[in-house]
Amino acid sequence: MFADFRAGASPRALCAALAACALLPATAHAADSAADVSELIVIGQGDKPITVVPRGLSASLGPTEFEAINAVNVEDLMKYAPDFFVRKRYAGDDNAVVALRGANTIQSARTIVMVDGFVVSNFLGNRWDYPPKWNVVGPAEVRQFDIVYGPYSARYGGNSMGGVISVTTREPEGKEAYATAQTMVAPWREYGVDETFTGYAAEGGLSWKSDDGPWSLRTGFRHFDNIGQPMSYTLLTPTTGSGTAVTGAFADKRLANPVFGAASPTHVIQDQARLRVGYDFSGGWRAEALGFVWLTDQDGTDARTFLKDAAGNPVYQGKVSFGGVTYNATGLTQTQTNRTEYLTGVKLAGPLAGWDSRVNLSRYWIAKQDARASKDYLTGAADGAGTQTLTGTPAWVTLDATLERGFGAHHLAMGLNANRYETSQTAYSTTHWKEASGRVFSSATYGKTSLVGVFAEDEMDLGAVSLTLGARYDKWRAFDGGIGKLSGGTAVFDAYPTREDSSFSPKLSVQGKAGDWELQLSLGTATRFPTVGELFQGKIDDVTHELDPQSFDPNLKPEKSKDASLVARRSFGDVKLTTSLFYQDIDDAIFSFSGLNQYGSVVSSYKNVDEVRQYGAEVIVEAKDVLIDGLDVDANVAWIDAVTVKNASAPAAEGVMFPRIPRWRSNGNVRYRVNDRLKLSAGWRYATRPNSDLFGQVRGDAYGFQSEYFTVDARASWDVTKKAQLSIGVDNLFNDQAYVSHPLPQRTFVVDLKTRW
């Protein structure tokens, strides 16, 4: 493995790996819990118990780690976790998909994300634009982040195939108020864009807990306003004939054609409000209710062209002549989007006939989502023709109920998980895109899925080892799906067939000691059923006015994985070393690619890849008071081999590295407590270049590709008083230019002031 690294890695890869291995740290204090801490293998802080079952590699991050991070959005708080990446393209990016190990950045449905026990994963689709709803909580409200890699506990359904992330907010304690003010400054230099984008955020709230009564509450708000860099560039397209002579395009050797423009920088305005109320009943019962609202407004009406004609006038579109070649300049548009989203939830916990019981019930829904776009730039500037896309209250309801009890050497847990996801979307053509006037129906899609699962686990104390056996059964249904299209001036609709399926998933985990090493071996299987977006995504045939059987796969199979994990940990004085080996084999992996459907026709849509296999290793180390008092270092390095083993629909993919999964990753953080009031930190994030497509033919280090990245961050925090802290930081200090198809942020400065009283 290491010989392969030395032979094929870039200098930046060597630097990142040497930093991780030589400094020997990681995110790691074992989490405190009711159980003896030696029984848990958990990387991270030890202030609070981990909130998810730590089988497989597990990390728990808290205030110690958070204070060393420039956290503009809540997902930033995990940025240095092992073998971990969040596809965040700019501050305020709605599409921040998580990638753990070999679950890549367009496989959003492979990770379960919860906030205070309520599911915020958007399983309406499995793509870059179905990320978790991170903004349910602001960065200042988070108490801890818990991450479990892989599906090794029966408590979690098949969407835990990649892992489980639990976000826990601060508990109401006494009477407290807090406020945070933050500003972001991001200079951007690429092609014809040379400017500085800025933004700010204000967050605040209060908590109250009755001294001698049952009530408690915590409320908070956040206002966020930022302009992100352009997310895409437009390239000239070769054509014939003659066109307007222009200058200003950029002939980038890494790209097929010259770059002539950039999409509008995205101006994002978000407002969030959150209320959490608790009540303690007699007899040990506690009830909590949560309400949340999130308003988003995105403006993309400032598209840029780099082209100028002989008179110096900007040219936004049309046939042009550049460098003696005739091209079409097309692709610049104007857009506006606004959304209103809500979350409501209730929790109830307490003793029931000798059992510890918990019930969580929540609903998340998008009450309004209105996306408008112009046909092209010139019609956009003139408020001409365009499109409007409206959603019909996409929503999901989730229920989790658990009973737990100890019987001698046994600790039993059993429960039920249920969810229902539904969505509908209608597109219209409009004569005036901004007002959405002159609206004419164009197309529609809609559908629902539901899942009910039951599980049981038994954790047995066998003296030298702890053995956990578990299993779950899931029943899945896809129904009320359909599609509509304007054909021959008439709106025609057709329905998808109802689908039903079920799965049985056994689990096993054993943990014990071998000399000075703590060991945990976990085995499990998981089944992830198709989402609404994967299953209901066909088109209407213009001739038959019925569903085109070649445009979708009505028999799309669920993904089924077989997983294994071996975790080992040992302490060497003030250094803790954790190593992890993992394996996953997935049958019928769901992925969007061009291949043969059930009728033998080549289509580009979601299809089953017969078999995808990944295995790898992680080294995670934590060192405290390294060389000098107050210097702590956390670092991790991971090696992954993820390959398409079998793909009958497209055999050319077989033996090729699966898309968007790097061979190497390394994250880390160095923290130094200068004194009680001043703290300094530096962090890094690194990954090698992955394939951009299923066949390994699309590789590059420019816009449109998946590239290598190596960013270094820095931060200084000063406690001005006991109740106020000023922090100054910079992300991507050395201005590394990297891409996840879209450009990742360049150097960004962050300043925040936090107060509590």
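Please pick out the residue among SER509, SER450 that is at pLDDT 95 or above, buried (at least 22 other Cβ atoms within 10 Å of the Cβ), under 30 Å from GLY150 (Cβ atoms) and not aromatic (Phe, Trp, Tyr). Please lay out each step first, then the result.
Numbers: SER450 fails: buried (at least 22 other Cβ atoms within 10 Å of the Cβ).
Answer to the selection: SER509.
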In segment 336-363, the residues that are loosely packed, with under 15 Cβ neighbours inside 10 Å, in contact with a helix residue (DSSP H, G or I) (Cβ under 7 Å, 6 or more places away or on another chain) and among the hydrophobic types (A, V, I, L, M, F, W, C)
none
Checking PRO662 against (1) within 30 Å of LYS723 (Cα to Cα); (2) part of a loop (DSSP other than H, G, I, E, B); (3) modelled with pLDDT of 95 or more: exactly one of these is not met. Which one?
(1)
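Based on this model, can you work out whether ALA20 counts as modelled with pLDDT under 75, among the hydrophobic types (A, V, I, L, M, F, W, C) and part of a loop (DSSP other than H, G, I, E, B)?
Numbers: modelled with pLDDT under 75: yes; among the hydrophobic types (A, V, I, L, M, F, W, C): yes; part of a loop (DSSP other than H, G, I, E, B): no.
No, not satisfied.
Among the acidic types (Asp, Glu), under 17 Å from SER108 (Cα atoms) and modelled with pLDDT of 95 or more: is that true of GLU559 in this structure? Show your work before the answer.
Values: among the acidic types (Asp, Glu): yes; under 17 Å from SER108 (Cα atoms): yes; modelled with pLDDT of 95 or more: yes.
Judged against the criteria, GLU559 is a match.
Considering only segment 458-530, give the strands (runs of 3 or more DSSP E) lying wholly within it that have at least 2 residues that are in contact with a helix residue (DSSP H, G or I) (Cβ under 9 Å, 6 or more places away or on another chain) and not acidic (Asp, Glu). Break it down stepwise before answering.
Working: elements: 465-487, 490-495, 499-514, 517-528.
The qualifying strands (runs of 3 or more DSSP E) are 465-487, 499-514, 517-528.
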For the list (1) touching a Phe, Trp or Tyr at 6+ places or on another chain (Cβ under 7 Å); (2) on the phi < 0 side of the Ramachandran plot, I need the number of the one condition that GLY248 fails.
(2)
Inside segment 430-439, can you point out the residues that are under 11 Å from THR389 (Cβ atoms) and either in contact with a Cys (Cβ under 8 Å, 6 or more places away or on another chain) or assigned to a strand (DSSP E or B) (or both)?
THR430
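Just the residues that are assigned to a strand (DSSP E or B), surrounded by fewer than 20 Cβ atoms within 10 Å (Cβ to Cβ) and not hydrophobic (A, V, I, L, M, F, W, C), please, taken from segment 311-335. Walk me through it before giving the result.
Step one: of segment 311-335, the residues assigned to a strand (DSSP E or B) are 314, 318-322, 325-329, 335.
Going one step further and asking which of them are surrounded by fewer than 20 Cβ atoms within 10 Å (Cβ to Cβ), we end up with 314, 318-319, 321, 325-326, 328.
Residues satisfying the conditions are PRO314, GLY318, LYS319, SER321, THR326, ASN328.
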Regarding THR445, is this residue in a strand (DSSP E or B), β-branched (Val, Ile, Thr) and within 24 Å of MET114 (Cα to Cα)?
no
Of ASP297, ASP302, the only residue that is touching a residue at least 12 places away in the same chain (Cβ under 8 Å), on the phi < 0 side of the Ramachandran plot, surrounded by 14 or more Cβ atoms within 10 Å (Cβ to Cβ) and assigned to a strand (DSSP E or B) is ASP297
Of everything in segment 728-737, what is crowded, with 20+ Cβ neighbours inside 10 Å and free of Cβ contacts under 8 Å to residues at least 40 places away in the same chain? Give them in sequence order.
ASN732
Would you mind telling me which numbered condition in (1) within 23 Å of the chain's Cα centre (by Cα); (2) surrounded by fewer than 17 Cβ atoms within 10 Å (Cβ to Cβ); (3) part of a loop (DSSP other than H, G, I, E, B) ALA256 fails?
(1)
Tally of residues being assigned to a loop (DSSP other than H, G, I, E, B), of a type in the set (Asp, Glu) and either modelled with pLDDT of 95 or more or farther than 30 Å from GLY655 by Cα (or both) across segment 692-720
1
If only one of GLY204, GLY150, GLY192, GLY162 is within 23 Å of TYR90 (Cα to Cα), among the small types (Gly, Ala, Ser) and either in contact with a strand residue (DSSP E or B) (Cβ under 6 Å, 6 or more places away or on another chain) or buried (at least 21 other Cβ atoms within 10 Å of the Cβ) (or both), which one is it?
GLY204
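Only one of TRP208, TRP188 is in a strand (DSSP E or B), over 28 Å from the mean Cα position of the chain (by Cα) and among the hydrophobic types (A, V, I, L, M, F, W, C); which?
Numbers: TRP188 fails: over 28 Å from the mean Cα position of the chain (by Cα).
Going through TRP208, TRP188 in turn, just one is in a strand (DSSP E or B), over 28 Å from the mean Cα position of the chain (by Cα) and among the hydrophobic types (A, V, I, L, M, F, W, C): TRP208.
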Residue that is more than 27 Å from LYS557 (Cβ to Cβ), modelled with pLDDT of 95 or more and not charged (D, E, K, R), where the choices are VAL612, VAL619
VAL619
Just checking, does segment 364-371 include any residue being in a strand (DSSP E or B), β-branched (Val, Ile, Thr) and either touching an Asp or Glu at 6+ places or on another chain (Cβ under 7 Å) or modelled with pLDDT under 95 (or both)?
yes
Would you confirm whether or not segment 406-419 contains a residue that is surrounded by 15 or more Cβ atoms within 10 Å (Cβ to Cβ), at pLDDT 95 or above and touching a Pro at 6+ places or on another chain (Cβ under 9 Å)?
no
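Residues SER601, SER605, SER580, SER522: which one is of a type in the set (Gly, Ala, Ser), crowded, with 18+ Cβ neighbours inside 10 Å and modelled with pLDDT under 90?
Numbers: SER601 fails: crowded, with 18+ Cβ neighbours inside 10 Å; SER580 fails: modelled with pLDDT under 90; SER522 fails: modelled with pLDDT under 90.
Just a single option satisfies the conditions, and that option is SER605.
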Would you please list the contacts, defined by Cβ atoms under 8 Å and residues six or more apart or on different chains, that run from a residue in segment 258-287 that is among the basic types (Lys, Arg) to a residue that is part of a helix (DSSP H, G or I)?
ARG274/VAL136; ARG274/GLU141
Single match in ARG689, ARG685 (criterion: among the basic types (Lys, Arg) and either in a strand (DSSP E or B) or at positive phi (or both)):
ARG685
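Condition first: touching an Asp or Glu at 6+ places or on another chain (Cβ under 9 Å), assigned to a loop (DSSP other than H, G, I, E, B) and closer than 26 Å to GLY44 by Cα. Now tell me which residues in segment 618-649 satisfy that. Spell out how you get there, then give the answer.
Let us first name the residues in segment 618-649 that are touching an Asp or Glu at 6+ places or on another chain (Cβ under 9 Å), namely 618, 620-626, 631-640, 643-649.
Going one step further and asking which of them are assigned to a loop (DSSP other than H, G, I, E, B), we end up with 624-626, 647-649.
Selection gives LYS624, ASP625, VAL626.
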Condition (residue is touching a Lys or Arg at 6+ places or on another chain (Cβ under 7 Å), over 30 Å from ALA311 (Cα atoms) and not small (Gly, Ala, Ser)) applied to segment 227-238: is it met by at least one residue?
no
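Table: residues versus (1) within 30 Å of SER374 (Cβ to Cβ); (2) free of Cβ contacts under 8 Å to residues at least 40 places away in the same chain.
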| residue | (1), (2) |
| --- | --- |
| ALA418 | no, yes |
| PHE455 | no, no |
| ALA464 | no, no |
| LEU469 | no, yes |
| ALA478 | no, no |
| VAL492 | yes, no |
| GLU500 | no, yes |
Looking at VAL86, VAL97, which is the one that is in contact with a helix residue (DSSP H, G or I) (Cβ under 7 Å, 6 or more places away or on another chain), surrounded by fewer than 24 Cβ atoms within 10 Å (Cβ to Cβ) and modelled with pLDDT of 90 or more?
VAL86
Residue, nearest to PHE582 (Cα to Cα), within segment 630-644, restricted to residues that are touching a residue at least 40 places away in the same chain (Cβ under 8 Å) and over 21 Å from the mean Cα position of the chain (by Cα):
THR644
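State all residues of segment 45-83 that are closer than 15 Å to GLU618 by Cα and either of a type in the set (Gly, Ala, Ser) or surrounded by fewer than 22 Cβ atoms within 10 Å (Cβ to Cβ) (or both); if no residue qualifies, say none.
Start the filter on segment 45-83 by keeping residues that are closer than 15 Å to GLU618 by Cα, which leaves 56-59, 80-83.
Answer for segment 45-83, where residues must be closer than 15 Å to GLU618 by Cα and either of a type in the set (Gly, Ala, Ser) or surrounded by fewer than 22 Cβ atoms within 10 Å (Cβ to Cβ) (or both): GLY56, SER58, ALA59, ALA81.
The values are calculated or read from the model by the stated rules, or taken from the named source; none is laboratory data. Since the structure is predicted, the reported quantities are computational estimates derived from the model, not experimental observations. Don't worry about glycine lacking a Cβ; one is built from the backbone with ideal geometry, like all the others, and counts go over all protein chains shown.
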